[in-house]
Amino acid sequence: MSERSPASAPPALSGDHPLADAPHRRLNVLTGEWVLVSPHRAKRPWQGQVEKPVVEERPAYDPTCYLCPGNERAGGVRNPKYAGTFVFDNDFAALRSDAPEAAVNVDGLLVAATEPGVCRVICFSPRHDLTLPDMDVPTIRRVVDVWAEQYAELGARPDIGHVEIFENRGAMMGASNPHPHGQIWAQRSVPLWAAKETERLRAHHAETGRTLLTDYLSVELASGERVVCENDGFVALVPFWAVWPFETLVVSRRPAPSLLDLTDAERDQLADVIKRLTTRYENLFQASFPYSAGFHQAPTDGAPHPEWHLHMHFYPPLLRSATVRKFLVGYEMLGEPQRDITPESAAERLRALPETLWRAK
């Protein structure tokens with residue numbers, strides 16, 4: 001085990017630093033992958049327009065919405081007239097708990113095996129017209145509690161080794177319904193990205209006795225240039241290795257392995273930082289802001305995981321306006337991810353935005 005001295009402020013990568021205007025690669029310490037950063041390309045002429053689309057007005061209740069209270073879902077199932085959150089098994093689940101056990105292995109070249117699991121939907125609110133930034137902190141706190149309850153319930157099952165809680169917001173990110181909701185996919189195996197993080201987190205903890213994100217957060221707080229907002233329990237920042245233009249990472253200050261390990265006050269603080277961060281997203285282009293977001297936390301495979309440190313990823317696709325998005329194509333599919341705007345510049349823009357929503361419900 002190594003002792004870590006207090007973090008000194010790292011060099012700023014904006015301003016006069018040689019990398020501020022030169023192509024360079026950055027390491028994602030959570031996955032071991034690299035991203036190419038090309039800040040000089042941000043100066044190229046842009047003839048596109050910064051759009052401010054008309055605000056989409058949605059009713060508080062939509063009789064045609066299959067997630068609204070009292071409405072009928074696929075197959076004739078009718079939702080209860082719920083007044084808070086509502087959880088149900090996904091009617092079109094990607095995973096099934098009754099999948100028959102089977103496997104294929106042809107010389108290690110064709111490999112497949114049954115993957116049992118459970119998929120659920122969480123409606124955050126009965127109101128069809130709300131999103132997380134529209135909700136107040138106590139309402140988001142109730143969503144946090146449901147996330148924790150579902151993680152505990154599904155993770156306790158002997159056939160579940162990992163619980164992924166996430167939200168796809170907006171049609172641009174594949175959301176099939178604008179009603180405020182998220183999903184849970186719980187499965188036997190630890191999926192790819194969580195498995196990659198587990199490997200890196202475990203190696204760092206074995207070497208130092210500390211979580212990797214404890215040490216990383218110490219460096220980021222000493223710098224401050226990528227921090228967006230914070231409170232006593234959580235820090236929201238643009239990660240040093242961000243791929244998406246305004247990607248953020250929400251990290252607990254205390255190395256809690258999962259949502260279940262948060263104190264009552266920390267659950268309130270998580271709700272607070274989610275509210276403040278998503279409000280900034282809305283204010284960036286004064287438009288409904290799409291993203292995929294979700295938690296990474298300890299696997300539920302029955303083993304101890306002292307290396308794990310709760311965090312939440314936000315992956316928004318928007319680049320220059322509410323209608324101009326980033327695509328991972330060409331070199332990024334064949335080589336490695338690439339970005340133009342630096343994480344430092346993205347954090348500066350997000351940090352400068354107000355925490356009062358530009359529109360009001």
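Taken as a whole, the structure leaves residue 258 outside the set of residues that are modelled with pLDDT under 95, open to solvent by less than 10 Å² (accessible area, probe 1.4 Å) and among the small types (Gly, Ala, Ser).
Every test in (1) open to solvent by 60 Å² or more (accessible area, probe 1.4 Å); (2) at pLDDT below 95; (3) over 19 Å from the mean Cα position of the chain (by Cα) is passed by residue 306 save one, and that test is (2). Residue 62 meets all of the listed conditions (1) modelled with pLDDT of 95 or more; (2) part of a loop (DSSP other than H, G, I, E, B); (3) open to solvent by 60 Å² or more (accessible area, probe 1.4 Å) but one, namely (3). Comparison of 227, 238, 243 shows that the only residue that is open to solvent by 20 Å² or more (accessible area, probe 1.4 Å), within 27 Å of residue 332 (Cα to Cα) and in contact with a strand residue (DSSP E or B) (Cβ under 9 Å, 6 or more places away or on another chain) is 243. Taking residues in the stretch 172-197 that are of a type in the set (Lys, Arg), and partners anywhere that are modelled with pLDDT of 95 or more, the pairs with Cβ atoms closer than 6 Å and at least 6 places apart or on different chains are 188/116; 188/159; 188/161; 196/31. The residue list 324, 329, 273 contains one member that is open to solvent by 10 Å² or more (accessible area, probe 1.4 Å) and touching a residue at least 24 places away in the same chain (Cβ under 8 Å), which is 324. The sole residue among 163, 190, 137, 143 that is within 21 Å of residue 261 (Cβ to Cβ) and touching an Asp or Glu at 6+ places or on another chain (Cβ under 6 Å) is 137. If you take the residues of the stretch 27-59 that are basic (Lys, Arg) and in a loop (DSSP other than H, G, I, E, B), which of them is modelled with the highest pLDDT? Taking the candidates together, the pick is 58.
Per the listing 119, 68, the residue uniquely buried (at least 19 other Cβ atoms within 10 Å of the Cβ) and either out of contact with any Leu (no Cβ under 8 Å at 6 or more places or on another chain) or among the basic types (Lys, Arg) (or both) is 68. If the condition is being surrounded by 12 or more Cβ atoms within 10 Å (Cβ to Cβ) and not in a strand (DSSP E or B), then the stretch 12-26 contributes 12, 13, 14, 17, 19, 20, 21, 23. Here residue 315 meets the list (1) surrounded by fewer than 22 Cβ atoms within 10 Å (Cβ to Cβ); (2) touching a residue at least 24 places away in the same chain (Cβ under 8 Å); (3) more than 20 Å from residue 32 (Cβ to Cβ) almost entirely, failing just condition (3). The residues in the stretch 95-116 that are open to solvent by 50 Å² or more (accessible area, probe 1.4 Å) and under 30 Å from residue 69 (Cβ atoms) can be counted, and the count is 3.
Considered as a group, the residues in the stretch 345-360 that are part of a loop (DSSP other than H, G, I, E, B) and of a type in the set (D, E, K, R) include one that is farthest from the chain's Cα centre (by Cα), and that residue is 359. Sub-6 Å Cβ pairs linking a first residue in the stretch 13-32 that is free of Cβ contacts under 8 Å to residues at least 24 places away in the same chain to a second residue that is part of a loop (DSSP other than H, G, I, E, B) and surrounded by 12 or more Cβ atoms within 10 Å (Cβ to Cβ), at least 6 apart or interchain, are 19/13; 23/38, ordered by first then second residue.
Output yes when any residue across the stretch 207-217 is in contact with a helix residue (DSSP H, G or I) (Cβ under 9 Å, 6 or more places away or on another chain), closer than 22 Å to residue 96 by Cβ, of a type outside the set (Val, Ile, Thr) and open to solvent by 30 Å² or more (accessible area, probe 1.4 Å), and no when none is. Within the stretch 207-217, none of the residues are in contact with a helix residue (DSSP H, G or I) (Cβ under 9 Å, 6 or more places away or on another chain), closer than 22 Å to residue 96 by Cβ, of a type outside the set (Val, Ile, Thr) and open to solvent by 30 Å² or more (accessible area, probe 1.4 Å).
Can you spot a residue in the stretch 138-145 that is open to solvent by 40 Å² or more (accessible area, probe 1.4 Å), touching a residue at least 12 places away in the same chain (Cβ under 8 Å) and not in a strand (DSSP E or B)? Before you say what the answer is, go through the steps one by one.
Here is the first cut: in the stretch 138-145, the ones open to solvent by 40 Å² or more (accessible area, probe 1.4 Å) are 138, 142.
Pick out the ones that are also touching a residue at least 12 places away in the same chain (Cβ under 8 Å) and you get 138, 142.
Checking which are not in a strand (DSSP E or B) leaves us with 138, 142.
Yes - at least one qualifying residue is present in the stretch 138-145.
One residue stands out in the stretch 151-202 among those that are among the polar types (S, T, N, Q) and in contact with a Leu (Cβ under 8 Å, 6 or more places away or on another chain): the one that is least open to solvent (accessible area, probe 1.4 Å), namely 177.
The values are calculated or read from the model by the stated rules, or taken from the named source; none is laboratory data. Owing to the predicted nature of the structure, the values given are computational and were not obtained by experimental measurement. For neighbour counting, all protein chains shown are included, and Cβ atoms are generated from backbone atoms with ideal geometry for every residue, glycine included. For accessibility, only protein heavy atoms count, side chains too; no ligands or nucleic acids. Shrake-Rupley method; radii C 1.70, N 1.55, O 1.52, S 1.80 Å.
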